[in-house]
Amino acid sequence: MTGIAFEDFTPGAVIEGGPITVTREELVAFAREFDPQPFHLDETAAEATFVGQLIGSGWQSAGFGMRLLQKHVFRGATSMGSPGVLQLRWLRPVLPGDTLGISVKVDSCRASNTKPDRGFVRFDLTLRNGRDEAVMTQAFTVMFARRGATPLPPRVVNPIEPSAPAEGTDAVQLDFLADAPIGVARDLGHHLFTPEAIVAYAKAYDPQAFHLDPAAARETHFGALCASGWHTAAVWMKRLHITRARDMALSARSGPVPQLGPSPGFRDMRWLAPVYAGDTLRYACALTAKRRSASRPGWGLATHHNTAVNQHGTKVFEFTGSVFWQWAPVH
């Protein structure tokens, strides 16, 4: 059923794919939904920011990489999912009109020690623009079915009665990075993953069977329709901005509000359990380290650890990210 198998990959092999051309409209549409920062939304507003021009969200760049991966490396077929991403780096912004392609190297292949129907393939992916500039690199693992192996039965997934969570009203004072406390977690609130939203994201960025079609998903090892891991990550960004908007409004009453800049990347992203249609995730973010930027006066680089738990209290997602954060007020 998968159309591609673990045995189709050989360490050292390189697979090329593309191109796709991205439009201003799709960059702005993604930003409005998941990452509404000024430099992703409007050219004029972007000129006054850290970035200085309209650029695509890094989370959308990851989605473009996934779209190309599924088409060219998976050959339009379905894998068995990914346990996570070792490291991702955003090297250059994606601009309106950019043409993107991928180069993917097979780093290693190993059969599962506990589940004989599958194996793990480690990939190194580079996303390049039409000027042959690397815009993103990514080291990650994907599971594939073993050819000829008897598949383990699908998970038993009990029906979920979804309920839309109420939006929070809490707000906290935002600190400039120099004064921001280490280790304090900020609750980012809840998000309900509806089947419609799961399918819409998958059609745009991750068109694998278990993200697209409930009936087909029931026949896979997941046992039911589930969200793309990149959808789960993009919603973390969405929740961060929704929560930060309240915090910014509160902070503006007493003085200047610290700005955030772009992120150079993240590490150790883990998709720990499937996120099924009807699941409600609660996200959180905690500052874990900080340093003043040597290259950007007035800015610092923050390291933050992020998690999501479902309605059962099970952690389903985590990663460690970094972001430019205004170090102190401008006098």
Compactness summary of the chain: radius of gyration and Dmax from Cα atoms, Å, are 20.2, 68
Loop only per DSSP, at most 11 neighbouring Cβ atoms within 10 Å: give me the trypsin sites (Lys or Arg not before Pro) in segment 54-120, ordered by residue number. none
Please give the calculated 222 nm ellipticity per residue for the chain, where each DSSP H segment of at least 4 residues contributes -39500 (n - 2.57) and the sum is spread over every residue; nearest 500 deg cm²/dmol? -6500 deg cm²/dmol
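Neighbouring Cβ atoms within 10 Å as the yardstick, rank SER61, SER82, SER295 fewest first.
SER295, SER82, SER61
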Span-rule helices in the chain, defined as complete DSSP H runs reaching 24 Å or more along the axis (Cα) with Kyte mean at least -0.5: 229-252
Taking a point 7 angstrom from the Cα of ALA178 along the C-beta vector, which residues in segment 224-266 have backbone N less than 17 Å away? 255-260
Residues of segment 305-323 with the amide nitrogen closer than 20 Å to a label point 7 Å from the Cα of GLU161, along Cα-to-Cβ, please. 310-314
So, with +1 on the Cβ of K and R and -1 on the Cβ of D and E, and no other charges, what is the size of the charge dipole of the chain about its Cα centre, to the nearest 20 debye? 740 debye
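What's the extension gain from ALA29 to GLN87 if we count 0.36 nm per residue and subtract their Cα-Cα distance? If you can, show how the numbers build up before the last one.
Details: separation 58, 0.36 × 58 = 20.88 nm, distance 2.63 nm.
So the extension gain works out to 18.3 nm.
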With r as the distance between the Cβ atoms of SER254 and LYS71 and R0 = 41 Å, compute the FRET efficiency 1/(1 + (r/R0)^6) and round to 0.05. 0.25
With unit charges on the beta carbon (Lys/Arg positive, Asp/Glu negative), name the residue among TYR283, GLN37, ALA111 whose Cα is farthest towards the positive pole of the charge dipole of the chain. ALA111
Of ALA145, ALA134, ALA171, which has the largest mean-square fluctuation in a 10 Å C-alpha GNM of the chain? ALA171
Along the chain, longest interval not containing exposed GluC sites (Glu not before Pro), exposed being DSSP loop plus at most 16 other Cβ atoms within 10 Å: 1-132
Grab the Cα-Cα distance for ILE242 and SER112, subtract it from 0.36 nm times how many residues apart they are, and report the gain in nm with one decimal. 42.8 nm
Note down the Stokes-Einstein diffusion coefficient of segment 1-149 in µm²/s, whole number, using a Kirkwood radius over alpha carbon pairs, 10 °C, and 1.306 mPa s. 97 µm²/s
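Each reported figure results from applying straightforward, stated rules to the coordinates on display, with no laboratory input. Please read all numbers here as calculations on a predicted model, not as lab measurements. Neighbour counts run over all protein chains shown; Cβ positions are idealised from the backbone, glycine included.
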